[in-house]
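Colleague: Have a look at the structure that comes next, please.
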Amino acid sequence: MQFGRSTPAVQSSDVTLVDKWQVLQDLTDCAETLELNHRTLSVLRALLTFHRDRDIDPEPLSTVVFPSNKTLSHRLNGMPESTLRRHLCKLVAAGVVIRHDSANRKRFKRRAGVAYGFDLAPLAQNAAYIASIADQACEKRDRLANLRDHIAQLRETFLSNNGPCEITEEARVILRRKPDEAVLNALKARLEGQIETVTTAKMNGHDNQNERHIQSESLICSDQVVEKKEHNSTTSDRALVRLLEQCKEYKLYFPDPVRHWNDAFKIASQLTGMMGIDQAVFLQAVSKIGKKKSVIAIFQTLDRLPTIDNPGGYLRRLIQNTQPNPETAL
């Protein structure tokens, strides 16, 4: 991209002096867009060091630097002159600087003030344009970074719930490369569609016809009945202590001490709604595996909630994989 030629030069009456290091930073930010690499920009940096002032005047021929190739090479830690000439040509071709040659193509300055070398004025003339391109490049990099992070999270979610498949492997390969935004958006859409398809299939695979017809009165004892049937054995207490030691998340919502299983049951019953679990599913768990195991399942589900896409379906699977326990009293 030749911004020096495609963008009209702006006269000094319209543009103030420009900070040379700020322009260089903007060029660095949009180097890929302007098809400039870091070595070409390092040559430009070296040229800028030969201009003593920090500011550059947009007036043509007002800011000419005239180091020899040997001097430039020395300042660039011994860059070969053939390489140096190639990068200087890139800067000129891109319109970043303008070559102002003498008759014998030597670079020098006469006592009268006329200088022959590289004119830095295009940097000041096009500073606003360069800054706008740099802003766009930075915004694009941020979008791509956020998109890559989102795809990585989708991939991990799919792997944790379903294991590896063709699309997760494809995502792994793509994320190791530098694809454009269109490729990343297409991959994101495919991953989201795959996750939605698998989740729907799993939910439809469970028989939930009668979940909403379970009568809560026949399964949940009143507080008085629970208190009469409360187990005070040492074994039950130790099991409750272990549960409360392993599962901590409930304390964020119910900080009061939990002394008995009936306290834990009341908390679990309230947590189901907060977690998006249908009350009928919780009642089904109580009916099939008992209150204690249901409490344990809810507390453990809450702790793992960040990694569970469908808490209701997760609880159903726990019910299916747990040995039935008809005891409902605590």
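The values are calculated or read from the model by the stated rules, or taken from the named source; none is laboratory data. Please read all numbers here as calculations on a predicted model, not as lab measurements. No Cβ is skipped: glycine too gets one built from the backbone with ideal geometry, and neighbour counts run over all protein chains shown. These area figures cover heavy atoms from the full protein model, side chains too; ligands, DNA and RNA do not enter into them. Shrake-Rupley method; radii C 1.70, N 1.55, O 1.52, S 1.80 Å.
Colleague: Using beta carbons and a limit of 8 Å, which pairs, at least six apart or on different chains, have the first residue in segment 185-198 and within 22 Å of LEU144 (Cα to Cα) and the second one aromatic (Phe, Trp, Tyr) and open to solvent by less than 60 Å² (accessible area, probe 1.4 Å)?
Modeller: LEU191/PHE158; GLN194/PHE158; ILE195/PHE158
Colleague: Tell me, please, whether a residue that is under 30 Å from GLU192 (Cα atoms), in contact (Cβ under 8 Å) with a residue 24 or more places away in the chain and small (Gly, Ala, Ser) can be found in segment 286-305. Walk me through how you get there before you give the answer.
Modeller: Step one: of segment 286-305, the residues under 30 Å from GLU192 (Cα atoms) are 297-305.
From the residues that got through so far, the ones that are in contact (Cβ under 8 Å) with a residue 24 or more places away in the chain too are 297-303, 305.
So of that shortlist, the ones also small (Gly, Ala, Ser) come out as 297.
Yes: one or more hits.
Colleague: A further question follows. Filter segment 270-285 for residues that are touching a residue at least 60 places away in the same chain (Cβ under 8 Å) and buried (at least 20 other Cβ atoms within 10 Å of the Cβ) and give the result. Quick ask: steps written out before the conclusion?
Modeller: The initial filter retains those residues of segment 270-285 that are touching a residue at least 60 places away in the same chain (Cβ under 8 Å), namely 278-281, 283-284.
Correct list: VAL281, LEU283, GLN284.
Colleague: Let me ask another. Here's a check for you: in segment 67-78, which residue that is part of a loop (DSSP other than H, G, I, E, B) and under 17 Å from VAL97 (Cβ atoms) is most open to solvent (accessible area, probe 1.4 Å)?
Modeller: Step by step, filter segment 67-78, then rank; the result is SER68.
Colleague: Let me ask something else about it. Tell me which of these PHE265 doesn't satisfy, since it passes every other one: (1) open to solvent by 30 Å² or more (accessible area, probe 1.4 Å); (2) in contact (Cβ under 8 Å) with a residue 12 or more places away in the chain.
Modeller: Here PHE265 meets the rest and fails (1).
Colleague: Answer yes or no as to whether SER82 is out of contact with any helix residue (DSSP H, G or I) (no Cβ under 7 Å at 6 or more places or on another chain), in a helix (DSSP H, G or I), small (Gly, Ala, Ser) and in contact (Cβ under 8 Å) with a residue 24 or more places away in the chain.
Modeller: Details: out of contact with any helix residue (DSSP H, G or I) (no Cβ under 7 Å at 6 or more places or on another chain): yes; in a helix (DSSP H, G or I): yes; small (Gly, Ala, Ser): yes; in contact (Cβ under 8 Å) with a residue 24 or more places away in the chain: no.
Judged against the criteria, SER82 is not a match.
Colleague: Hey, another quick one. Residues in segment 115-128: is at least one part of a helix (DSSP H, G or I) and of a type in the set (D, E, K, R)?
Modeller: Step one: filter segment 115-128 for residues part of a helix (DSSP H, G or I), giving 121-125, 127-128.
Now drop any that are not of a type in the set (D, E, K, R), which leaves none.
Within segment 115-128 (the criterion being part of a helix (DSSP H, G or I) and of a type in the set (D, E, K, R)), the answer is no, since none of the residues qualifies.
Colleague: In addition: Any residue in segment 28-55 that is of a type in the set (Asp, Glu) sitting within a Cβ distance under 9 Å of a residue that is open to solvent by 60 Å² or more (accessible area, probe 1.4 Å)? List the pairs, counting only those 6 or more apart or interchain.
Modeller: Listed by first residue and then by second, the contacts come to ASP29/ASP135; ASP29/ARG141; GLU35/MET1; GLU35/LYS90; ASP53/LEU17; ASP55/THR16; ASP55/LEU17.
Colleague: Since LYS266 meets every condition but one in (1) of a type outside the set (Gly, Ala, Ser); (2) modelled with pLDDT under 85; (3) within 21 Å of PRO311 (Cβ to Cβ), which condition does it not meet?
Modeller: Against the list (1) of a type outside the set (Gly, Ala, Ser); (2) modelled with pLDDT under 85; (3) within 21 Å of PRO311 (Cβ to Cβ), LYS266 comes up short only on (2).
Colleague: Turning to a different aspect of this structure: Output yes when any residue across segment 103-123 is within 38 Å of the chain's Cα centre (by Cα) and exposed (fewer than 15 other Cβ atoms within 10 Å of the Cβ), and no when none is.
Modeller: Of segment 103-123, the ones within 38 Å of the chain's Cα centre (by Cα) are 122-123.
Pick out the ones that are also exposed (fewer than 15 other Cβ atoms within 10 Å of the Cβ) and you get none.
No, segment 103-123 contains no residue that is within 38 Å of the chain's Cα centre (by Cα) and exposed (fewer than 15 other Cβ atoms within 10 Å of the Cβ).
Colleague: Which helices (runs of 4 or more DSSP H) sit wholly inside segment 267-324 and have at least 1 residues that are farther than 20 Å from GLN246 by Cα? Explain how you work it out, then say what you get.
Modeller: On the way: elements: 279-289, 291-303, 311-321.
So the answer is 279-289, 311-321.
Colleague: I'm checking my understanding of the structure. Among residues of segment 129-175 that are touching a residue at least 24 places away in the same chain (Cβ under 8 Å) and of a type in the set (Gly, Ala, Ser), which one is farthest from GLU32 (Cα to Cα)?
Modeller: SER160
Colleague: A further question on this structure: Across segment 15-37, what is the total count of residues that are aliphatic (A, V, I, L, M) and not in a helix (DSSP H, G or I)?
Modeller: 6
Colleague: Just to verify a result, which residue in segment 43-53, among those that are touching a strand residue (DSSP E or B) at 6+ places or on another chain (Cβ under 6 Å) and either over 23 Å from VAL18 (Cα atoms) or part of a loop (DSSP other than H, G, I, E, B) (or both), is most open to solvent (accessible area, probe 1.4 Å)? Break it down stepwise before answering.
Modeller: The initial filter retains those residues of segment 43-53 that are touching a strand residue (DSSP E or B) at 6+ places or on another chain (Cβ under 6 Å), namely 47, 50-51.
Subset that is either over 23 Å from VAL18 (Cα atoms) or part of a loop (DSSP other than H, G, I, E, B) (or both): 50-51.
On the way: PHE50: 58, HIS51: 31 Å².
The extreme case among them is PHE50.
Colleague: Taking segment 168-206, which residues are modelled with pLDDT of 85 or more, more than 21 Å from GLU139 (Cβ to Cβ) and part of a loop (DSSP other than H, G, I, E, B)?
Modeller: Across segment 168-206, the qualifying residues are ARG176, ARG177.
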